[in-house]
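Trainee: Sharing a structure with you now.
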Amino acid sequence: MISLSDYNHAHTKNSLAVSVKNLGLTYTTSIDKKPTLKARLKTLGRGKKHTRTVRALNDVNVDVHYGTVLGIIGSNGAGKSSLMRVISGIVPPTQGRVEVYGSVSTLLALGVGFNPAMTGRDNVYLGGLAAGMSRAEIDKNFEAIAAFSELGEAIDAPMRTYSSGMYARLAFSVAAVVEPDILIIDEALSTGDAKFKEKSLNRIKELRSSDRALILVSHALATIEDICNEVIWLNNGKLMARGNPTEVIASYREFVDARKSASSDEDV
């Protein structure tokens with residue numbers, strides 16, 4: 001169950017922003033299998049539906065306090081993005097409870113709500129509305145968004161003419177002006193050119209404060225160590241460790257190296 005709690009008093013360091021209790025998430029997907037000749041004869045040509053169950057998160061417990069910049073690390077399929085989607089309210093949990101104390105903005109998928117046939121200017125409004133901003137807020141922040149994107153006159157060109165880097169710059173620029181209580185960022189810094197990545201990273205650093213909670217998912221361990229003051233490590237949907245970024249990252253690297261070594265031994 002997800003509950004969005006009112007949080008009317010001023011946020012203070014160590015006050016709770018997000019509470020995740022006994023969280024479990026299971027996906028069930030249908031797989032269409034082409035029948036073999038033998039099976040086709042038995043079923044008179046009817047295909048058979050098969051289901052596959054994936055345990056994305058398994059009994060995860062995490063509290064995130066205001067003033068925390070929490071990094072989430074783990075290999076592909078560890079459950080990082082699944083956890084972010086549950087906290088954001090995009091995906092309901094299969095079990096457990098998530099409580100969120102404050103407004104949430106997510107950078108989970110850059111450019112959600114964009115229409116490639118429309119201009120960058122029009123898409124600023126579409127993207128802003130999709131991110132929860134009002135039209136008045138977008139009007140107020142439009143010049144800052146356009147300046148941050150560095151698109152110049154291209155802001156009035158259709159987005160179908162944009163390169164992937166230009167697209168990413170505008171998407172991040174829209175999201176970067178939202179200053180929520182809780183900001184969730186999932187690999188948002190992995191797009192765009194090197195110069196804009198650095199600019200985006202600096203913007204994330206600017207958003208760090210005692211009255212805001214940031215949650216950052218990334219494979220870039222150096223970035224996690226630089227920005228975060230706490231890190232959790234997920235593996236196969238389970239919480240493996242939480243604590244000091246340097247220590248948790250070191251444990252994760254040791255685990256990855258050991259697994260690579262074991263894999264190499266099996267190949268010999």
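The values are calculated or read from the model by the stated rules, or taken from the named source; none is laboratory data. Just so it is clear, the model here is predicted, and its values are computed rather than measured. Positions of Cβ are generated from backbone atoms using ideal geometry, with glycine treated the same way; all protein chains shown enter the neighbour counts.
Trainee: Only one residue in Leu221, Leu214, Leu207 is touching a helix residue (DSSP H, G or I) at 6+ places or on another chain (Cβ under 6 Å), assigned by TED's automatic domain parsing to the domain that holds Leu170 and more than 25 Å from Arg55 (Cβ to Cβ). Which one?
Mentor: Criteria check complete, one pass: Leu221.
Trainee: Taking segment 211-250, which residues are among the charged types (D, E, K, R) and either surrounded by 19 or more Cβ atoms within 10 Å (Cβ to Cβ) or under 17 Å from Asn61 (Cα atoms) (or both)?
Mentor: Arg212, Glu230, Lys238, Arg242
Trainee: Is one or more of the residues making up segment 177-197 polar (S, T, N, Q) and either farther than 21 Å from Val124 by Cα or modelled with pLDDT of 90 or more (or both)?
Mentor: No, every residue in segment 177-197 fails to be polar (S, T, N, Q) and either farther than 21 Å from Val124 by Cα or modelled with pLDDT of 90 or more (or both).
Trainee: Out of segment 65-89, which residues are surrounded by fewer than 23 Cβ atoms within 10 Å (Cβ to Cβ) and touching a Ser or Thr at 6+ places or on another chain (Cβ under 8 Å)?
Mentor: Passing the criteria: His65, Gly67, Met84, Ser88.
Trainee: Check whether at least one residue in segment 5-27 is over 26 Å from Lys238 (Cβ atoms), part of a strand (DSSP E or B) and either at pLDDT below 70 or within 17 Å of the chain's Cα centre (by Cα) (or both), and report yes or no.
Mentor: Yes, segment 5-27 has at least one match.
Every residue, every condition in (1) within 16 Å of the chain's Cα centre (by Cα); (2) among the small types (Gly, Ala, Ser), yes or no:
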| position | (1), (2) |
| --- | --- |
| Ser149 | no, yes |
| Asp156 | no, no |
| Met166 | no, no |
| Pro180 | yes, no |
| Ala194 | no, yes |
| Lys199 | no, no |
| Leu207 | no, no |
| Leu214 | yes, no |
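Trainee: In segment 197-219, what residues are more than 21 Å from Phe148 (Cβ to Cβ) and of a type outside the set (S, T, N, Q)?
Mentor: Scanning segment 197-219 gives Asp211, Ala213, Ile215, Val217, His219.
Trainee: Scan segment 163-175 and give yes if some residue there is charged (D, E, K, R) and within 26 Å of Ile249 (Cβ to Cβ), otherwise no.
Mentor: No.
Trainee: Let me ask something else. Given the conditions (1) at pLDDT below 95; (2) among the small types (Gly, Ala, Ser); (3) surrounded by 13 or more Cβ atoms within 10 Å (Cβ to Cβ), which single one is not true for Ala144?
Mentor: Failing condition for Ala144: (3).
Trainee: Identify all residues within segment 145-158 that are under 11 Å from Val124 (Cα atoms) and either aliphatic (A, V, I, L, M) or in contact with an Asp or Glu (Cβ under 6 Å, 6 or more places away or on another chain) (or both); write none if there are none.
Mentor: Once the filter is applied, which keeps residues that are under 11 Å from Val124 (Cα atoms) and either aliphatic (A, V, I, L, M) or in contact with an Asp or Glu (Cβ under 6 Å, 6 or more places away or on another chain) (or both), segment 145-158 yields Ile145, Ala146, Ile155.
Trainee: Among the listed residues Val124, Val100, which satisfies the condition of being surrounded by 18 or more Cβ atoms within 10 Å (Cβ to Cβ), touching a Gly at 6+ places or on another chain (Cβ under 8 Å) and touching a residue at least 24 places away in the same chain (Cβ under 8 Å)?
Mentor: Val100
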